[in-house]
Each structure stands twice: as structure tokens, then as C-alpha cells.
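Notes follow once the structure below has been shown.
The values are calculated or read from the model by the stated rules, or taken from the named source; none is laboratory data. What you see is a predicted model, and the numbers here were worked out from it, not measured in a lab. So basically every Cβ, Gly included, is an ideal-geometry build from the backbone, and we count neighbours across all protein chains shown.
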Amino acid sequence: MNGTRESIEWFSRHRVIYCFGDENVLAFNGLACEDVDDAIVYSCRSEAIPGLRAAAALDETGTALSRGLLTSLAGQSVIQHVYPNGAFELLWNIAQHAGNFAVGSGQQILPVLLFHLGTHDCEDLGATVDEARVSEAVIPYVKALQMLKERGFPEVFACSILPQDLEAAKPFNAVLSRLMGAAGVGFIDARGREAIESLLARLQVGTVA
Amino acid sequence: LSAAISPVRWMDRTRSIYCIGDSNVISYDRLAARDLRSGTFYSCRSIHLRRFFYSEEMDPIHAKFHQRMWSALERNSLADGPLGSKTVYDPILLIVFSLGYWAGPLLELHENDFIIPEAPTPILTSVDPEKELIPYGLVVERVKVHLKPYIDELSQLRNGGFRDVFVLAMHPPHPDDDAFFSVFPAMGKKTAVTARYKVLHVFNSLLRMQAAEIGIDSIDPFDRLTIDGVLDPKFNLDNAHLNRAAARISIETLIGRLR
């Protein structure tokens with residue numbers, strides 16, 4: 001039986017939450033929900049670099065996103081045309097593709113970015129959390145997300161690290177939350193569906209123009 | 001910031017359609033639909049591999065996936081590798097790579113023409129009296145040569161354990177010569193619209209047949225995208241690609257084929 005227009009309901013307003021980071025982001029992959037009042041559907045797609053540390057969010061100069069992160073972002077078409085110096089283009093600024101980043105009404109729609117990094121740094125640091133050492137470990141990650149915000153992504157969030165089997169997770173998350181907050185990056189301290197609901201509640205009005 | 005929290009309804013049955021291929025996949029990205037029969041929510045994810053040709057990049061000696069395709073599958077947790085068992089449950093793959101394979105045999109026609117047996121539409125029956133006719137079978141053989149690496153790799157995807165693999169037929173090109181040449185200057189004035197559509201017909205027929213032989217279903221919404229066998233202008237995006245309305249038709253067809 002062929003699908004017909006009668007048997008399929010299309011969602012004209014669909015925002016994707018792109019999840020990047022270590023393997024823990026795979027927990028979000030495929031989650032989808034519908035905002036009943038605003039008639040928008042949200043879905044999550046994850047791209048993971050297993051074992052990724054926070055320091056690997058920036059390149060060796062500390063002034064540009066790392067090649068690994070750029071590859072992930074480009075792999076999901078969140079960014080386009082990555083240059084050797086780490087600069088990149090935004091898909092919706094490329095005339096050829098701008099129309100494809102619009103909803104059915106022709107309005108521009110921007111991706112939401114959710115990151116999960118730090119679990120392996122926390123493991124590396126051991127049970128006793130020293131605030132200065134945590135800061136040193138995660139600052140490249142914080143800077144990377146700040147750069148993305150400055151580059152044109154208004155909705156950038158960082159997720160707290162998972163507490164399982166990590167005694168130091170709670171104080172680690174506290175430092176991460178403070179640094180992300182200072183950088184203007186949203187911090188989500190929840191898991192799975194609850195994390196996405198928390199994120200949705202914090203999306204800025206007007207992002208779907 | 002918005003403090004209001006709207007009620008959220010979670011989708012319990014979700015499946016992702018990974019659209020992998022050339023720039024034609026971009027129109028599919030973020031399409032989202034619900035099958036009202038099963039309640040399943042489908043979302044499309046485009047994986048755009050630029051300037052990618054199986055024939056140039058695959059490893060025919062070892063018959064392995066070539067590296068860029070493999071990397072794309074790994075990055076999306078679709079293939080074995082560093083991610084091990086953390087693969088996406090039951091992905092649907094829609095492979096979209098037709099343009100490069102259609103262009104090759106089309107250019108190889110040079111200044112010649114051919115007759116399609118039992119051509120179904122007027123544009124396919126037309127023959128240029130100024131051109132020399134070559135046997136239909138020769139065109140078929142040339143298309144087969146170009147298709148072989150494509151079919152080989154589709155076969156590997158199928159054998160690799162992906163249950164739902166579909167291949168998208170080449171869409172009808174823009175029928176206006178100036179519009180077509182403006183986006184495909186490399187093909188210059190070497191081709192005529194009738195030749196483009198005739199080679200396309202052969203190409204899609206063989207793609208459909210050869211894909212079926214290896215157990216892969218093809219999605220060919222040609223009839224819904226054309227009027228009298230020529231592209232309906234309402235589906236044109238930029239003279240090279242089709243728009244999201246056309247993509248929705250392909251996805252409707254695909255969802256209808258899922259078991």
C-alpha cells in the first residue's frame with residue numbers, strides 16, 4: 001500500500017535539537033515530542049565522539065573549534081564549508097540552501113544545540129574535585145559553546161554530566177554550571193526526556209521567527 | 001526568555017529516515033510526519049556527502065564500503081565501529097546519488113540519439129532527425145557500466161544488516177535548456193532536453209530493476225512530479241534540485257512501502 005496524503009500527517013513546524021559530545025548524547029537520539037499549544041514538533045539527533053574530553057572542544061591554539069567538533073557539526077549540516085583555519089559558514093546564509101532551513105511558511109528556523117561533555121574529564125580528575133582543576137579542564141568546552149553562540153546560534157545548551165559511578169559528579173557539575181552561566185550558555189541539569197522538557201522551557205521567544 | 005511551559009506530548013514510536021547522498025538530500029532534512037495508520041513518527045535526517053561518486057571512491061578490489069560513506073554511517077551510530085552496539089534501532093536509509101550516474105551515460109551519447117521501445121510519454125518518443133541513431137541496447141549497456149559500483153555498494157548496505165534500505169530514482173531535470181545549463185555548465189550545450197529525459201528513463205528503469213535484484217526497493221515518484229512526462233514547475237527549487245513538496249511525495253511513498 002502506498003502512503004497517501006490521507007494516511008500521513010505532516011508537521012510543518014519541526015525543530016531539531018542537535019546533540020553533540022561524548023557517547024552519552026546517544027541517549028537523546030530519536031527522542032521526539034510535540035508542543036501541543038504551539039503546534040511544533042521537536043526531535044533529537046545525536047552525533048557522538050566516544051571518549052571525548054572537554055579540552056578537545058577547541059583546537060590547539062584555543063581560538064577555534066576543534067576539527068572533531070567541526071566535523072560533527074558539518075556532518076549534521078549545522079554548519080557548512082569548514083575552512084582550514086576553523087572558520088565556517090552557516091547553512092541558512094548560503095543562498096542555495098537557505099530555503100531548506102525554512103518551515104513551510106517560509107520562516108527561518110534555527111537549530112538548537114545541546115552538548116554533553118565532561119564525564120571523562122571527571123573520571124580523569126578522580127574522586128576529589130578541585131575547583132581550579134575542573135575549571136582548567138572544562139574552560140575549552142565553555143569557550144567553544146560561547147563561540148557558537150557568538151557565531152549565530154542563539155540556542156546553545158550544555159548538559160550536566162551523568163552522576164552514575166562518579167562520586168565527583170555533583171561538585172563537577174556545580175563548577176560546570178557556574179562557568180556556563182557566566183558564559184551565557186544554558187545549563188541543563190536533568191536526564192533524557194526531562195532534560196529536553198527543561199530545554200524547551202528555556203528556548204527564547206522569537207527563535208522561530 | 002519564555003517562562004511558559006507548554007504541554008509536551010512525547011512520541012512513543014519514532015523512526016528516523018537517513019537520507020544519504022548528494023545535494024538533493026538537503027530538501028529532505030527535518031521533514032517530519034506521522035503515519036496515521038501506525039502512529040509512528042518519522043523524521044528525516046540528511047547526510048550530505050559532497051562531490052561523492054561511488055565509482056571514484058569505493059574500493060572495488062576489496063569490495064568494501066569506501067571511507068566517506070563508512071564514516072558517515074559511524075558518525076550517526078549506524079554502523080559498527082568505535083560505538084559498538086550503540087546503534088540506532090531500526091534505521092531507514094534512503095540513498096540518493098543518481099545525478100552523477102545519469103550524467104555519465106548522457107554525456108557519452110555525444111551528438112547521437114536513440115529510440116526507446118514502447119516509450120510511454122511524448123518527450124521519450126521524439127527523435128532528432130539531424131542526429132545519428134545508436135542502438136538502444138548500447139545505451140543500456142553504458143548505463144549499466146555507470147550503475148555497477150552504485151549497485152555494488154547498495155548490496156553491501158543490504159548485506160550489512162540494514163533492513164530498510166531504499167534508493168531514490170533520479171528526479172526529472174528542468175526541461176528548459178537555459179535553466180538547466182545555468183546550473184550544470186559542465187554539461188554545457190552538449191545535451192538536448194529530449195536526450196536528458198530519455199537517458200533518465202533508461203537510468204531509472206535499470207536502477208529500479210537492479211536494485212530489486214539485490215532486495216532493495218526503489219522510490220520513483222516520477223509520475224507524481226511530472227506533467228506529460230516533464231517536470232511540473234511547481235516542484236522546481238533552483239533549476240537543479242526539487243523542493244520540499246517533492247521530497248514529501250518521496251517520503252509518503254517510502255512510508256507506504258514500510259512493512
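Figures for the structure shown
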read-out: Residues (farther than 23 Å from B:D220 by Cα and touching a residue at least 12 places away in the same chain (Cβ under 8 Å)) located in region B:162-182; value: B:D177, B:A179, B:S182
read-out: Qualifying helices (runs of 4 or more DSSP H) (wholly inside region A:76-158; at least 1 residues being modelled with pLDDT of 90 or more and within 18 Å of the chain's Cα centre (by Cα)); value: A:119-125, A:131-151
read-out: Residue satisfying condition, being crowded, with 18+ Cβ neighbours inside 10 Å, in a helix (DSSP H, G or I) and over 15 Å from the mean Cα position of the chain (by Cα), within set B:A186, B:A195, B:A179; value: B:A195
read-out: Of residues in region B:218-253 being touching a strand residue (DSSP E or B) at 6+ places or on another chain (Cβ under 6 Å) and within 12 Å of chain A (Cβ to nearest Cβ), the one surrounded by the most Cβ atoms within 10 Å (Cβ to Cβ); value: B:S250
read-out: Subset tally (residues that are modelled with pLDDT under 90 and assigned to a loop (DSSP other than H, G, I, E, B)) for region A:39-75; value: 3
read-out: Whichever residue in region A:33-54 is at the interface with chain B (Cβ under 8 Å from one of its Cβ atoms) and among the β-branched types (V, I, T) and, among such residues, is farthest from the chain's Cα centre (by Cα); value: A:V36
read-out: Matching entry among A:A183, A:A174, A:A195 (being among the small types (G, A, S), within 17 Å of A:E136 (Cα to Cα) and in contact (Cβ under 8 Å) with a residue 12 or more places away in the chain); value: A:A183
read-out: Residues (closer than 11 Å to A:F20 by Cβ and in contact (Cβ under 8 Å) with a residue 40 or more places away in the chain) located in region A:66-84; value: A:L69, A:S72, A:L73, A:Q76, A:V78
read-out: Subset of region A:4-32 (residues that are among the hydrophobic types (A, V, I, L, M, F, W, C), facing another protein chain (nearest Cβ under 7 Å), within 28 Å of B:A246 (Cβ to Cβ) and not in a loop (DSSP other than H, G, I, E, B)); value: A:I8, A:W10, A:V16, A:A32
read-out: Scan of region B:228-259 for residues that are in a loop (DSSP other than H, G, I, E, B) and touching a residue at least 40 places away in the same chain (Cβ under 8 Å), ordered by number; value: B:D228, B:G229, B:L237, B:D238, B:N239, B:A240, B:H241, B:N243, B:L258
read-out: Any chance B:L242 is modelled with pLDDT under 95 and not acidic (D, E); value: yes
read-out: In region B:13-35, residue farthest from B:F97 (Cα to Cα) [restricted to those that are part of a loop (DSSP other than H, G, I, E, B) and more than 7 Å from chain A (Cβ to nearest Cβ)]; value: B:R13
read-out: Filter result for A:V185 (more than 14 Å from every other protein chain (Cβ to nearest Cβ), among the β-branched types (V, I, T), within 15 Å of the chain's Cα centre (by Cα) and crowded, with 16+ Cβ neighbours inside 10 Å); value: no
read-out: Test: residue in region B:99-119 that is closer than 30 Å to A:I49 by Cβ and of a type in the set (A, V, I, L, M); value: no
